[in-house]
Amino acid sequence: MEHILTPKVEEVKLLDRYTAKKPAIGTLYLTATHLIFVETSCNTRKETWMLHHLIATVEKLPLTAMGFPLHISCKNFHVAHFVISSETDCQNVHQSLVRLSQPGKVEELYAFLYNPKQDEDERRNGWGFIDSAMDFKRMGLPNEVWEMTDLNKNYELCSTYHSQLGIPKTASKGTVFGSAKFRSRGRIPTLSYYHKESNAAICRCSQPLSGLSARCVEDEEMLQAISRANPKSTFMYVVDTRPKLNAMANRAAGKGYENEDNYSNIRFQFVGIENIHVMRNSLQKLLEVCAMKSPTMSDYLTGLENSGWLRHIKAVMDAGVFLAKAVAEDKVSVLVHCSDGWDRTAQVCSLASILLDPFYRTIKGLMVLIEKEWIAMGHKFTQRCGHVDGDPKEVSPVFTQFIECLWNLMEQYPCGFEYNEKYLLEIHNHVYSCQFGNFIGNCQREREEMRLYERTFSVWPFLWENRHQYRNPLHKCSLGREVLRPSTLPLNFKFWCGMYNHFDKGMQPKQSILDLLLTITQKKAESEKKMTDLQRQLAVMDGVLADQGSPTGTSPEQTSLSPVSVSHTAENAKPLMNGAAVEEAEIELVSTAGSEKMEPVAIEN
Amino acid sequence: MEHIRLPKVEKVRLINKISSRRASVGTLYLTATHTIFVENETEIRTETWVLHSLVCSVEKQATTTTGTPLLVHCKNYQALRFIIPQERDCHDVHVSLLRLSRPERYEELYCFSFHANSDKEVRGQAWDFLSLKAEYSRLGVPNHLWNLSPVNRDYKVCTDTYPAELYVPKSATHPVIVGSSKFRSRGRFPTLSYYCKENDAAICRSSQPLSGFSARCLEDEQMLEAIVRSNPRSDFMYVVDTRPKLNAMANRAAGKGYENEDNYSNIKFQFIGIENIHVMRNSLQKMLEVSEAWSPSMSEFLEGLESSGWLKHIKAVLDAGIFIAKAVAEDGVSVLVHCSDGWDRTAQVCSVASVLLDPYYRTLKGLMVLIERDWVSFGHKFSHRYNHLDGDPKEVSPVIDQFLECVWQLSEQFPCAFEYNERFLITIHNHIYSCQYGNFIGNNQKERTELRLQEKTHSLWTYLWENRTDHINPLYRPDHSQTRGVLRPVTAPYCFK
């Protein structure tokens, strides 16, 4: 690679972030995709890998007695403090990393190099694994009031939306196009979630171009159509997730919010989530708190408070709870927007969906939700995550906040989710890593233009294959049906050590409940498998004994050989013994193991 | 009971603290021992029982259109808000509860009227369930370095706040003990709290020396020397004063104070800076205000938590415990711990160190023994601190609450290291205040003997042991590598909840 000036630096020190322990000494390698630090000071070979694209900042600090310090902080909150003895080496590493971590073009991203040894078919199937359109079917669409439209198939209606949109049946083409003209960037009100039980829906859009007094009949009709699609309610909520002041300021720029007098039967509401710039600064402050070497309790709590981070998390959560309550309890439809409807709106809608629908609390459900609310509806991943060198003002931890809200929910409902904390961290990691194509590009249209589906792989099948790691051993489906009603009192929000201090091993609890439970579940599954195997052997052998009556006294050798013979004899029953059916078959075997040992064999014959 | 003015009030509303949406309507009963609220609206009969001795404050608020609110706060942090339709009824309940919740004599306490279904013999056996003698012999004493001293047998020679059986270095003679005792606040001379069999290092505890600005006491110096010598592998010991330096200095003016390193040979002196009972009481008060705020914003909550200082104090206690555990386990050095009287901070710090050092104290029985040894036997003033009888409010302080919270924080960091669960800690906490059992009545062993508690009341420990299935931590893994040895918790502020 032309950007790597020095591929290898020896005698590099890696300082521990908190403790005053002796620094680790090792060799630093720069590869085309990763920075690798191999520790040589200890006997066990310890390696630290950092993907270039995950690096947020590389900083050369003033010279110290130990050498030239290089401070690297990553987008997944991994922080490394290297000290390099030679200035030229440090300079070279710094320069290379600055270039490598900020690709100028999308094509330089890791996803375009990454090849997990899959052929074209597998790649195509992988991209088809999660289909957000299928989710609308699951919700019961199309039905008598909602339909899927392809008015946006060439992205002419709205360039940042997906091609498939859910709209009320009563909204005519004219209404839809008229409304698009009156909404920021043409982002018309479209269906996000339909609640079968109450017929209420969550819709999302961008702000109206209402300015100080403008009106648009089509837009008013559009809202009326959404409201009427829920026959049980006489009104709908319109939720503007911005603070009122911000929304008012937008009016001066010809944008703004809905006037209750112009739209019939709406109840308008501000929610007051701050904008991306406030969030970016808040995270910055939070990370400064994390970076304090040995803060007192006061420093820490004051810092946490000053950062405002948990306040923002609470605001997002409060908004989600409001939506879920309106839909499930009051059975009222809600239209949500912020300014462009791709940041706060995505946060709030997806959170409300999780509260309302247990499907999104499953491993696959969360994939669908992210695909539907974030990817398909044009959350600007490339810009918000800073995938390529661009405007730093566009970067903001919007998705991180959503994941953190989800984590806080999981802390309140430890049995309510199929997935565990690792799953959230893994998804968060992949959003920033660009190893897979899913989170590259700012909208569907861009992704199609980049031909991502032909050139990169999808992360979802990869996560699905490893799903055993992401399972929550405490998950109880029986609890699942209900709508979650979390408490949003401040004491229910915690600082997420697992996210912000994930790589500071000293800060992690030394005993992880999750790891322990996962090992127990795995062991249990293994011994259960062994048990059923043995039971099956027993049943089959008894059958064999009864049928032929020849091999009486089984020697130890014969016993050890028996699995082979079992697989032969059981061949007829193969469909029964395959895949998902295995469990039922095993149960059957167990239940018949007592009096009617012959039965399984009889079925085979 | 003569104090109950009104045994029954109907149509009372009970308002939930968090979700104010729904109030339940029911009947309020006052019995000799409990306030009982029976909800009679719903199909299922829900009852709320509040023990009188758990009530910490009763407040009558201004009458509103719906009735007169009565706010009941409990020592176990339960808060109830009743609304009584008639102002006169509310007044009667208020007055009755005020009297009932503040017994004036020990005999009025619940434990003297509480009869578990067990006969006399079983009761007696129950009190023998835990034996401190067995605990010390588990630790390996008496041995060639430490022996049992009969000096305090009648609670006379030294101090009435110490137990009758005390372990001292073998080389400490009777005159040395008596002399040292005279030089220590309330006669609480240095004595053994925990002994580490593996390396002979010990944790000892005492009260502050009466050193003033320059006083010395040869016997006290000999006593400390004897403790150093009873750890043959180390040539010095730590003396840990758990108070902030300023407080200790102030005590010098009153003829008390701390050890001068120049007078005692082979000691390393160290302040740790845990605040006194008054600071802790106020800190708790502030924290409760934060947690009771109706709907605080995130800022109010975090600012309130910070300014209450509560977590700072918990961290200080834990840090002190870690310092001692490290000295004993890693450096093999004995430690003498004291504060002012050596019955509050000293008890906290010694018991936290024991939990860190010895896996036994992370078992159900181990924690019972630990509380029995470091708190009950060494004269932690339960009746004063937890306001069992109507007394000086300045003596009240959540000292053992803090210890239990430290254990809880540890169990959050080491979820597989503890045989007991959170419920066990909460139940113990509850009964320290409830006075249902005799274990925590009185301020020291002498008082308890005089009250003849073992004959008249029941022991909590057997009750807990019989119900141990409720208190077991399902994740307990005694063989886990992090569980077996010394716990080394992180005390960065992020780790406190």
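The values are calculated or read from the model by the stated rules, or taken from the named source; none is laboratory data. What you see is a predicted model; the values in this text were computed from it and never measured. Note: ideal-geometry Cβ built from the backbone for every residue, glycine included; neighbour counts use all protein chains shown. Ligands, DNA and RNA are excluded from the accessible area calculation, which covers all protein heavy atoms including side chains. Shrake-Rupley method; radii C 1.70, N 1.55, O 1.52, S 1.80 Å.
Amide H neighbours of residue B:420 under 5 Å, at least 5 residues apart or on other chains, H built in the peptide plane: list them.
Amide H neighbours of residue B:420: B:364, B:473.
What residues have an amide H closer than 5 Å to that of residue B:147, excluding those fewer than 5 places away on the same chain, when H is modeled at 1.01 Å from N in the peptide plane?
Here B:168, B:170 satisfy the definition.
For chain B, which DSSP H helices look membrane-span-like by this rule: Cα extent along the axis of 24 Å or more and mean Kyte-Doolittle of at least -0.5?
Qualifying helices: B:310-329.
Under 18 Å between alpha carbons: how many lysine pairs meet that in the stretch B:120-199, if sequence neighbours fewer than 8 apart on the same chain are excluded?
4
In whole percent, how big is the carbon plus sulfur part of the accessible area of the stretch B:8-102, probe 1.4 Å, protein atoms only?
Within the stretch B:8-102, the accessible surface is 51 percent carbon and sulfur.
Each residue of the stretch A:308-325 in turn: what ³J(HN,Hα) in whole Hz from Karplus with 6.51, -1.76, 1.60 and θ = phi - 60°, glycine and Pro shown as x?
So the Karplus estimates, Gly and Pro as x, are x, 4, 5, 5, 5, 4, 5, 5, 5, 4, 4, 5, x, 5, 4, 4, 4, 5 Hz.
Specify whether the C-alpha gyration tensor of the stretch A:8-101 places it in the rounded, prolate or oblate class, a ≥ b ≥ c being the square roots of the eigenvalues: rounded for a/c under 1.5, otherwise prolate if a/b is larger than b/c and oblate if not.
rounded
What is the interface area between chains A and B, defined as buried accessible area summed over both chains with a 1.4 Å probe, reported in Å² to the nearest 100?
That pair hides around 2800 Å² of surface in total.
Pull up all non-local amide H partners of residue B:193: gap of 5 or more, or a different chain, and H-to-H distance under 5 Å with H placed in the peptide plane.
B:203, B:204, B:205
At 222 nm, what helix-only mean residue ellipticity would chain A give, in deg cm²/dmol to the nearest 500, using -39500 (n - 2.57) for each DSSP H run of four or more?
Only helices count here, giving -12500 deg cm²/dmol.
Using the Karplus curve 6.51 cos²θ - 1.76 cosθ + 1.60 with θ = phi - 60°, what ³J(HN,Hα) values do you get for each residue of the stretch A:123-139, in whole Hz, with x for Gly and Pro?
Per-residue couplings from phi come out as 4, 5, 4, x, 5, x, 4, 10, 10, 5, 5, 4, 5, 5, 4, 4, 6 Hz.
Within the stretch A:77-153, what whole-number % of the accessible surface is contributed by carbon and sulfur, with the 1.4 Å probe and all protein chains included in the calculation?
47
List the residues of the stretch B:457-497 whose accessible area drops by at least 30 Å² when all protein chains are present, compared with their chain alone, using a 1.4 Å probe and counting only protein heavy atoms.
Listed by number, the residues meeting the 30 Å² cut-off are B:475, B:477, B:482, B:490, B:493, B:494.
Which residues of the stretch A:454-496 bury at least 30 Å² of accessible area once all protein chains are present, versus their chain alone (1.4 Å probe)?
Hits at the 30 Å² cut-off: A:489, A:490, A:491.
Residue farthest toward the positive end of the dipole of the stretch A:210-280, with Cβ of Lys/Arg at +1 and Asp/Glu at -1: which of A:238, A:273, A:256?
Of A:238, A:273, A:256, it is A:273.
Using Cα positions and a limit of under 17 Å, work out the lysines in reach of residue A:105, with same-chain residues fewer than 8 apart set aside.
A:380
Can you give the accessible area per residue of the stretch A:424-500, in Å², using a 1.4 Å probe?
Values: 3230 Å² over 77 residues.
Counting only protein heavy atoms, the per-residue value for the stretch A:424-500 is 42 Å².
Report the Cα centroid-to-centroid distance between the stretch B:318-387 and the stretch B:446-497 in angstrom, as an integer.
13
May I ask you to list the residues of the stretch A:43-57 whose amide nitrogen lies under 14 Å from a point 7 Å from Cα along the Cα→beta-carbon direction of residue A:25?
Within reach of a label on residue A:25, which here means backbone N under 14 Å from a point 7 Å along Cα→Cβ, the stretch A:43-57 contributes A:43.
Quick one: with all protein chains in place, what share of the accessible area of the stretch B:346-391 is carbon or sulfur, to the nearest percent (1.4 Å probe)?
47
With a ≥ b ≥ c the root eigenvalues of the C-alpha gyration tensor of the stretch B:146-231, is it rounded (a/c under 1.5), prolate (a/b larger than b/c) or oblate? Write out the running numbers ahead of the final one.
Numbers: a/c = 1.76, a/b = 1.22, b/c = 1.44.
Oblate, because a/c is 1.5 or more while a/b does not exceed b/c.
Below 15 Å, Cα to Cα, which aspartates and glutamates can residue B:315 reach? Residues fewer than 8 away in the same chain don't count.
Hits, sequence-local ones excluded: A:299, B:275, B:306, B:401, B:405, B:412.
Choose one of B:458, A:179, B:70: the residue whose Cα lies farthest towards the positive end of the charge dipole of the protein assembly as shown (beta-carbon charges +1 Lys, Arg; -1 Asp, Glu; about the Cα centre).
Farthest towards the positive end: B:70.
If you average the alpha carbon positions of the stretch A:69-145 and of the stretch B:258-295, how far apart do those two centres end up, in angstrom?
The stretch A:69-145 and the stretch B:258-295 have Cα centres separated by 50 Å.
Skip the ligands, DNA and RNA, and give the accessible area per residue of the stretch A:253-331 with a 1.4 Å probe, whole Å².
Values: 3290 Å² over 79 residues.
Averaged over the residues of the stretch A:253-331, the accessible area is 42 Å².
Which entries in the list A:117/A:529; A:285/A:314; A:22/A:293 go over 20 Å, if you measure between the two C-alpha atoms of each?
A:117/A:529
Tell me, what is the 1.4 Å probe accessible area of residue B:426, in Å² to the nearest 10?
Counting only protein heavy atoms, residue B:426 exposes about 100 Å² to solvent.
Please compute the per residue accessible area over the stretch B:124-495 with all protein chains in place, 1.4 Å probe, rounded to a whole number of Å².
Averaged over the residues of the stretch B:124-495, the accessible area is 37 Å².
Using alpha carbon centroids, what distance separates the stretch A:405-466 and the stretch B:46-124, in Å?
The two parts, judged by their Cα centres, are 55 Å apart.
Work out which residues of the stretch B:288-312 lose at minimum 50 square angstrom of accessible surface when the other protein chains are put back, relative to the chain isolated, with a 1.4 angstrom probe, and list them by number.
The answer is B:298, B:301, B:302, B:306.
Determine the calculated [θ] at 222 nm for chain B from helices alone, applying -39500 (n - 2.57) to every DSSP H run no shorter than 4 residues and normalising by the residue count; nearest 500 deg cm²/dmol.
-10500 deg cm²/dmol
Could you go through the stretch A:269-274 in sequence order and give the Karplus-derived ³J(HN,Hα) for each residue, using 6.51 cos²θ - 1.76 cosθ + 1.60 with θ = phi - 60°, rounded to whole Hz, and x for Gly and Pro?
With coefficients 6.51, -1.76 and 1.60, one gets 8, 8, 10, x, 8, 6 Hz.
Please compare each pair in A:181/A:372; A:46/A:494; A:364/A:422; A:325/A:476; A:393/A:422; A:244/A:393 to a cut-off of 20 Å on the Cα-Cα distance and tell me which ones are over it.
On the way: A:181/A:372 24 Å; A:46/A:494 32 Å; A:364/A:422 15 Å; A:325/A:476 23 Å; A:393/A:422 30 Å; A:244/A:393 22 Å.
Violating the 20 Å Cα-Cα cut-off are A:181/A:372; A:46/A:494; A:325/A:476; A:393/A:422; A:244/A:393.
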